[in-house]
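A.B. asks: Please find one structure pasted underneath; my questions will follow.
The values are calculated or read from the model by the stated rules, or taken from the named source; none is laboratory data. Computed from a predicted model, the values in this text were never measured in an experiment. Note: ideal-geometry Cβ built from the backbone for every residue, glycine included; neighbour counts use all protein chains shown.
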Amino acid sequence: MAWWKDAVIYQIYPRSFQDSNGDGIGDIPGIISRLDHIRDLGADAIWLSPVYCSPNADNGYDISDYRDINPEYGTMADMERLIAEARRRDIRVIMDLVVNHTSTEHWWFRQSRDKTSAYADYYCWADGRGDGKLPNNWTGFFGEDCWEFDPQRCQYYLHLFAKTQADLNYHNPAVVEEVKDIMRFWLEKGVAGFRCDVINILYKDSLENGKKKLALTGSEHYLTLEGTHEILREFRKVWDEFDAFTVGETVFVTPREAQDLCGLDRRELDMVFSFEHMECDQVFIKWFKTKFKPRKLFACLTRWQKSLPWNALYLENHDQPRSVSRFGSRAHPLESGKLLATLLLTLRGTPFIYQGQEIGMTNFDFTRLRQLNDVESLNVDRVLTRLHVPQGLRWRIIAPTSRDNARTPFQWEGGDGAGFTTGRAWLGINHNCKDVNLAAQEEDPNSLFHWYKDLIALRRDTKVLRRGAFIPLESTRQVFAYRRELPGNDPLTIVLNFSDNPATTACRGTVLRDNYGRETFDGTLQPWEAVILA
Ligand code: ISL
Ligand code: CA
């Protein structure tokens, strides 16, 4: 049963959601204590960023034990209680499945250092090319080399992410079986499915040199290859046993490739997170930001809406800067926040809301690198330093792109600790929590939080918003308009003005929702006005 076609999914970054014991780190009992907020918002499922045992080089995306919980977050009993408490509120739990790599502290990796062990071929080991040269010229996702020498084994291992995240070897059928067992373990515990981390890069066809590129040299050897499709079909056998839901995080995929990854007849994934729309404000790579051009976003969304039967919809996650800071307006934070919410909740697909998005949390207000934790930002700073880029410029590159922008603690209240912790938070709390917090927004019927809540309810009650086709109507420098239609249902038209300036549109209709509270519509649009017309 495709429950996920009618669902809104809420992403939790456990470290920053709610601390329950004053150590400054969010935890599972904290999440349980906030389930009512998620119910109140109207979400049907939560996706938890990793809570498994991990030395936290990449905050849980470096797993050292897939069958146990990071003690900072709680115990397996807490996790079981979370699944049960969520179920009691009709909320499904989706786990993050991070199986492109493990932590180098995973016992598979420790064993793998010994060429004679049963785990010898679990990772991508290779010899250097003589006189201290690396096995090939590939570069990694975090801006650095992707090979590390292991003195015990006297070979290099591949790590496309941080040094302590070693890539698994998917040429080895034993690895595929291990992952299937891990998935069964969690599905038997009652989780509803998985968000599959960088799932389109599992299979590396060879470790040959790649074509030199500005970023990710070597990626033609692992991006969305047939070998990965085969592995996904193998995983799918387990998913089908449990009727599990899956969304793949798929880096650098085209609509064509995405069709292959989640085509109904192919029995691979249910849907994918694509990245193209996250690239509308950058040149070449994420660290070179340019002014956001709404028209590019409209074109990109339209292409994906038209090419795929179903999309995973998102504007934020734990890797991306905050959407109001990025696509919205400083002059109109509330209106632009509501407009972005309207976009997310009226496209065709499954909307994912990232924690804090529903109250318009913004990018961090840090002023120095020392305040950051993100392994990617710290690596990039090291690389730029090596290239003699001066400190001021390094900060100007890193600040707007750092993943920590989305990782500051949830702002529940305005006081010290923001209701997140009674202790010292692991990552700085944004000082704007005095103005931007859930408690204040609950009181205010005109708040962004109430707008999210209202649109989620509208979506739940309006079949055309959930299942209708997407028909593009207008796409100008600032206005995006589209229709949702479904035979036997009244169509809806959505008109969005992505600008601090007024605009006009040819669209007309009876106002169903308007973020300025207007009751009639004559085709003129205020700055950042969002209208749903019947
Ligand atoms: O973060 C990115 C853009 O800023 C991507 O390059 C990101 O590294 C890529 O999307 C993969 O992300 C996922 O896997 C990483 C982990 O660090 C991310 O948090 C996760 O979402 C490695 O597991
Ligand atoms: Ca804690």
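A.B. asks: Quickly run through region 68-104 and pick out the residues that are outside any loop (DSSP other than H, G, I, E, B), free of Cβ contacts under 8 Å to residues at least 60 places away in the same chain and surrounded by 14 or more Cβ atoms within 10 Å (Cβ to Cβ).
C.D. replies: Correct list: ASP68, ILE69, ASP78, ARG81, LEU82, GLU85, ALA86.
A.B. asks: Residue under question is GLY30, and the condition is that it be within 16 Å of ligand 2 (Cβ to nearest atom) and in a loop (DSSP other than H, G, I, E, B); does it hold?
C.D. replies: Spelling it out, it is not the case that GLY30 is within 16 Å of ligand 2 (Cβ to nearest atom) and in a loop (DSSP other than H, G, I, E, B).
A.B. asks: For region 308-317, indicate whether the set of residues that are closer than 19 Å to THR408 by Cβ and surrounded by fewer than 23 Cβ atoms within 10 Å (Cβ to Cβ) is non-empty.
C.D. replies: yes
A.B. asks: Also, quick follow-up: Do the conditions hold for ASP27, that is, is it of a type in the set (D, E, K, R) and crowded, with 24+ Cβ neighbours inside 10 Å?
C.D. replies: yes
A.B. asks: Condition test on LEU448, is it in contact (Cβ under 8 Å) with a residue 60 or more places away in the chain, of a type outside the set (Lys, Arg) and closer than 15 Å to THR346 by Cβ?
C.D. replies: No.
A.B. asks: Filter region 1-27 down to residues that are modelled with pLDDT of 95 or more, assigned to a loop (DSSP other than H, G, I, E, B) and away from ligand 1 (no atom under 16 Å from the Cβ), then give me how many there are.
C.D. replies: Residues in region 1-27 being modelled with pLDDT of 95 or more, assigned to a loop (DSSP other than H, G, I, E, B) and away from ligand 1 (no atom under 16 Å from the Cβ): 11 in total.
A.B. asks: Hey, can you tell me all the residues within region 200-211 that are touching a residue at least 60 places away in the same chain (Cβ under 8 Å) and either under 16 Å from PRO135 (Cβ atoms) or in contact with a Pro (Cβ under 7 Å, 6 or more places away or on another chain) (or both)?
C.D. replies: LYS204, LEU207, GLU208, ASN209, GLY210 - these are the residues of region 200-211 that are touching a residue at least 60 places away in the same chain (Cβ under 8 Å) and either under 16 Å from PRO135 (Cβ atoms) or in contact with a Pro (Cβ under 7 Å, 6 or more places away or on another chain) (or both).
A.B. asks: Considering ARG236, ARG266, which residue is under 23 Å from the mean Cα position of the chain (by Cα) and away from ligand 1 (no atom under 16 Å from the Cβ)?
C.D. replies: ARG236
A.B. asks: State whether the residues of region 189-197 include one that is surrounded by fewer than 18 Cβ atoms within 10 Å (Cβ to Cβ), more than 22 Å from the chain's Cα centre (by Cα) and either within 21 Å of LEU384 (Cα to Cα) or touching a residue at least 24 places away in the same chain (Cβ under 8 Å) (or both).
C.D. replies: yes
A.B. asks: Taking region 186-212 only, how many residues are assigned to a helix (DSSP H, G or I) and more than 13 Å from ligand 1 (Cβ to nearest atom)?
C.D. replies: 3
A.B. asks: Please give the number of the condition ILE429 fails out of (1) exposed (fewer than 15 other Cβ atoms within 10 Å of the Cβ); (2) farther than 13 Å from LEU345 by Cα; (3) not basic (Lys, Arg).
C.D. replies: All conditions pass for ILE429, except number (1).
A.B. asks: With respect to the numbered conditions (1) surrounded by fewer than 19 Cβ atoms within 10 Å (Cβ to Cβ); (2) more than 29 Å from ILE456 (Cβ to Cβ); (3) among the basic types (Lys, Arg), which one is the sole condition not fulfilled by ARG39?
C.D. replies: (2)
A.B. asks: Can you tell me which residues in region 105-120 are polar (S, T, N, Q) and either surrounded by fewer than 16 Cβ atoms within 10 Å (Cβ to Cβ) or at pLDDT below 95 (or both)?
C.D. replies: Passing the criteria: GLN111, THR116, SER117.
A.B. asks: State all residues of region 387-425 that are crowded, with 18+ Cβ neighbours inside 10 Å and among the basic types (Lys, Arg); if no residue qualifies, say none.
C.D. replies: Result: ARG394, ARG403, ARG407.
A.B. asks: Please go through region 116-163 and pick out each residue that is part of a loop (DSSP other than H, G, I, E, B), touching a strand residue (DSSP E or B) at 6+ places or on another chain (Cβ under 8 Å) and more than 30 Å from PHE288 (Cα to Cα).
C.D. replies: Correct list: TYR122, CYS124, ASP127, GLY128, ARG153.
A.B. asks: Please work out which residue is nearest to GLY517 (Cα to Cα), limiting yourself to region 438-492 and to residues that are among the hydroxyl-bearing types (Ser, Thr, Tyr), crowded, with 17+ Cβ neighbours inside 10 Å and in contact with a Ser or Thr (Cβ under 9 Å, 6 or more places away or on another chain).
C.D. replies: TYR482
A.B. asks: A further question follows. Which residue pairs have Cβ atoms under 6 Å apart, sit 6 or more places apart or on different chains, and have a first residue in region 500-521 that is under 19 Å from ALA457 (Cα atoms) and a second that is not in a loop (DSSP other than H, G, I, E, B)?
C.D. replies: As it stands, the answer is LEU512/ILE532; ARG513/ILE532; ASP514/VAL531; ASN515/GLU335; ASN515/LYS338; ASN515/ALA530, since those pairs meet every condition given.
A.B. asks: Within region 66-84, is there a residue that is among the hydroxyl-bearing types (Ser, Thr, Tyr), touching a Phe, Trp or Tyr at 6+ places or on another chain (Cβ under 6 Å) and at pLDDT 95 or above?
C.D. replies: First, pick out the residues of region 66-84 that are among the hydroxyl-bearing types (Ser, Thr, Tyr): 66, 73, 75.
When the remaining residues are screened for being touching a Phe, Trp or Tyr at 6+ places or on another chain (Cβ under 6 Å), the result is 66.
Those still in the list that are at pLDDT 95 or above too: 66.
There is at least one residue in region 66-84 that is among the hydroxyl-bearing types (Ser, Thr, Tyr), touching a Phe, Trp or Tyr at 6+ places or on another chain (Cβ under 6 Å) and at pLDDT 95 or above.
A.B. asks: Quick one: which residue in ASN379, ASN373 is closer than 20 Å to ALA162 by Cα and in contact with a Lys or Arg (Cβ under 8 Å, 6 or more places away or on another chain)?
C.D. replies: Details: ASN379 fails: in contact with a Lys or Arg (Cβ under 8 Å, 6 or more places away or on another chain).
Among ASN379, ASN373, only ASN373 is closer than 20 Å to ALA162 by Cα and in contact with a Lys or Arg (Cβ under 8 Å, 6 or more places away or on another chain).
A.B. asks: Which residues, taken from region 140-182, are aliphatic (A, V, I, L, M) and touching a Pro at 6+ places or on another chain (Cβ under 9 Å)?
C.D. replies: Correct list: LEU158 only.
Here is a yes/no grid of residues against (1) more than 30 Å from ASP145 (Cα to Cα); (2) away from ligand 1 (no atom under 16 Å from the Cβ); (3) not hydroxyl-bearing (Ser, Thr, Tyr):
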position	(1), (2), (3)
TYR66	no, no, no
ILE69	yes, yes, yes
GLU72	yes, yes, yes
GLU80	yes, yes, yes
GLU85	yes, yes, yes
ARG88	yes, yes, yes
THR104	no, no, no
TYR122	no, yes, no
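A.B. asks: Let me ask something additional. Every residue in region 33-57 that is within 14 Å of ligand 1 (Cβ to nearest atom), out of contact with any His (no Cβ under 7 Å at 6 or more places or on another chain), under 23 Å from LEU313 (Cβ atoms) and in a loop (DSSP other than H, G, I, E, B), please.
C.D. replies: PRO50
A.B. asks: I need a count of the residues in region 384-418 that are out of contact with any Phe, Trp or Tyr (no Cβ under 9 Å at 6 or more places or on another chain), part of a helix (DSSP H, G or I) and under 28 Å from LYS291 (Cβ atoms).
C.D. replies: 8
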